[in-house]
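The numbers here are math on the coordinates, done by the rules we state, and not lab data. Model, not experiment: these values are computed from the prediction. For neighbour counting, all protein chains shown are included, and Cβ atoms are generated from backbone atoms with ideal geometry for every residue, glycine included.
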Amino acid sequence: MFKSRAEAEAYVASVCFKHGPPRLLGVELEWTVHHVEDPCRPLEASTLAAALGRHAPPTLVPDSPQEPLPGGTPLTVEPGGQVEISTAPSESLTELLKTVAADIEHLDRLLARAALVTGRRGADAYRPPKRMLRVPRYAAMEAAFAPVGPEGITMMCSTAGLQVCLDFGLAEDLPHRWAAVHALGPVLTALFANSPGVGGRRTEWATARMRSLYGTDPVRTRPAAVCADPASAWARRVVDAPVIVVRRPGNSWLPPFPLSFADWIDGALDRRPTSDDLDYHMTLQFPPVRPRGYMEVRYFDTPQPGGWVAPTVLMAALFSDRSVVDGVLAATERSAGRWIAAARDGLRDPGLARAARAVVDLGCGALGRTDLSPGQNDAIAEELHRTLAEKTGGGRS
């Protein structure tokens with residue numbers, strides 16, 4: 001049990017910001033799920049459960065064995081029925097891409113047998129948000145976000161993203177890598193924006209998924225601080241954040257009254273919080289980059305089929321060496337912090353378009369630092385420049 005705020009902050013900093021040689025890379029991918037013949041038709045839990053079979057998670061089928069996909073990847077389901085795969089971290093980009101591709105192929109076959117298909121964008125443009133999973137966690141989240149507006153339930157049930165997970169690196173490099181991954185956020189949000197509209201709303205935004213995220217609960221969805229000591233800043237933010245879930249026996253995990261985690265430490269509830277409580281509280285923070293002992297990059301929309309490879313490889317290349325990270329910071333100096341403009345305007349914004357060109361050129365120049373073959377690197381570079389040209393009108397600013 002935590003007896004003081006300082007103890008809790010020290011714990012957060014130690015588990016969220018781990019440093020060492022940057023070796024590992026991971027990917028998480030989620031998709032909305034639709035009926036092949038009618039993407040507007042609501043998806044029933046029983047239909048999805050039958051399609052996933054023994055791979056279904058216990059949140060969907062309580063007695064499911066949740067067998068992993070062939071690559072060892074567990075399959076999970078988000079509140080609105082989105083399916084997600086989360087790979088184990090890998091030292092080889094080549095092997096990671098093979099594992100993810102094989103697991104996606106297996107998932108597609110499972111869904112196809114039930115006449116279902118994964119969505120091709122970062123948000124469900126066809127259906128209003130509807131919560132499928134009737135579990136205490138998501139009921140508490142929905143209750144917490146509802147007073148803010150409709151964005152919370154939309155984010156929970158109608159959006160899907162690609163997450164790329166990167167090591168923090170050595171202690172002396174951590175602040176630079178943390179700054180760079182945030183400075184890239186607006187640029188890469190705009191470059192890979194793929195959700196013009198969600199549930200019939202926000203059709204004017206390049207990425208309505210990120211708009212929904214920012215509007216859900218700014219206290220827990222705004223970008224984390226970029227500063228000399230990001231670990232301490234994040235720890236303070238986590239401990240100050242409102243508690244929206246208190247796990248207990250029964251179906252209601254709603255807090256009995258509004259309180260922060262700091263209040264809980266100070267004795268606001270009938271028991272002091274444990275490290276398990278704090279770990280769970282941290283899973284309820286949703287910034288565009290979330291520290292989890294590594295950097296969980298959350299600002300990519302789910303792309304078209306196969307489109308996840310290019311942003312994944314680009315991130316690996318951009319963080320492959322200290323000199324490349326320094327180049328990222330230089331290329332994004334004028335666009336850093338422009339999160340809302342990126343989500344709303346995408347690369348229609350001239351400043352973001354200029355930064356995107358510089359970042360793509362920098363990343364393509366660093367592809368040789370990965371373990372991909374020259375042919376793979378050439379294909380990735382071609383795709384990145386094609387995406388850039390499509391989003392900027394053929395190179396015009």
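Of VAL100, VAL289, VAL324, which has the largest mean-square fluctuation in a 10 Å C-alpha GNM of the chain?
Of VAL100, VAL289, VAL324, the Gaussian network model singles out VAL324 as fluctuating most.
Work out the FRET efficiency for ARG271 and LEU329 from their Cβ-Cβ distance, taking R0 = 41 Å, and round it to the nearest 0.05.
Approximately 0.35, to the nearest 0.05.
Taking 7 Å along the Cα-to-C-beta vector as the label spot, tell me the ALA101-LYS130 distance in nanometres, rounded to one decimal.
Result: 3.7 nm between the two label points.
In nm, to one decimal, how far is the GLU37 label point from the LEU254 one, both placed 7 Å along Cα→Cβ?
4.1 nm
Alpha carbons only, please: Rg and Dmax for the range 109-156, in angstrom.
Rg then Dmax for the range 109-156, in Å: 13.6, 40.
Quick one, what does Rg over Rh come out to for the chain if you take C-alpha atoms and the Kirkwood Rh?
Reported Rg/Rh (Cα atoms, Kirkwood Rh): 0.95.
What lysines does LYS3 reach when the alpha-carbon gap must be under 30 Å and sequence neighbours fewer than 8 apart in one chain are set aside?
In chain and number order, the partners are LYS18.
Tell me, what does the Kirkwood hydrodynamic radius of the range 6-156 come to in angstroms if you use every pair of distinct C-alpha atoms?
17.2 Å
Within straight cross-link reach of LYS98, meaning Cα distance under 12 Å, which aspartates and glutamates are found once same-chain residues fewer than 8 apart are removed?
none
Which net charge results when you count Lys and Arg as +1 and Asp and Glu as -1 among the other residues whose beta-carbon is under 12 Å from that of GLY293?
Taking every other residue near GLY293 into account, the sum is 0.
Calculate the translational D of the range 170-329 in whole µm² s⁻¹ from Stokes-Einstein, where the hydrodynamic radius comes from the Kirkwood formula applied to all Cα pairs, the temperature is 4 °C and the viscosity 1.567 mPa s.
It diffuses with D of about 73 µm²/s by this estimate.
What distance in nm separates the simple spin-label points at ASP321 and ALA10, each placed 7 Å from Cα in the Cβ direction?
4.0 nm
Give me the net charge for the shell around GLY161: Cβ to Cβ below 11 angstrom, other residues only, Lys and Arg +1, Asp and Glu -1.
Residues close to GLY161 contribute a combined charge of -3.
Expected output is a single nm value to one decimal: the length gained when fully extending between ARG236 and ARG109, i.e. 0.36 nm times separation in residues minus the C-alpha distance. What is it?
Working it through step by step, the gained length comes to 41.2 nm.
Work through the residues other than GLU91 whose Cβ is under 12 Å from its Cβ and net out their charges, Lys, Arg +1 and Asp, Glu -1.
Overall, the nearby charge balance is -2.
When the Debye formula is applied to the Cα atoms of the range 320-397, each taken as the same point scatterer, what base-10 log of I(q)/I(0) results at q = 0.15, 0.20, 0.25, 0.26 Å⁻¹?
-0.57, -0.92, -1.17, -1.20
Per residue and in Å³, how big is the convex hull formed by the alpha-carbon atoms of the range 1-85?
Roughly 178 Å³ of hull volume per residue.
For the range 32-60 and the range 345-387, write down the distance between their C-alpha centroids in whole Å.
The range 32-60 and the range 345-387 have Cα centres spaced 35 Å from each other.
Hey, what did the chain get for relative contact order, percent, Cα under 8 Å, at least 6 apart?
Relative contact order comes out at 22 percent.
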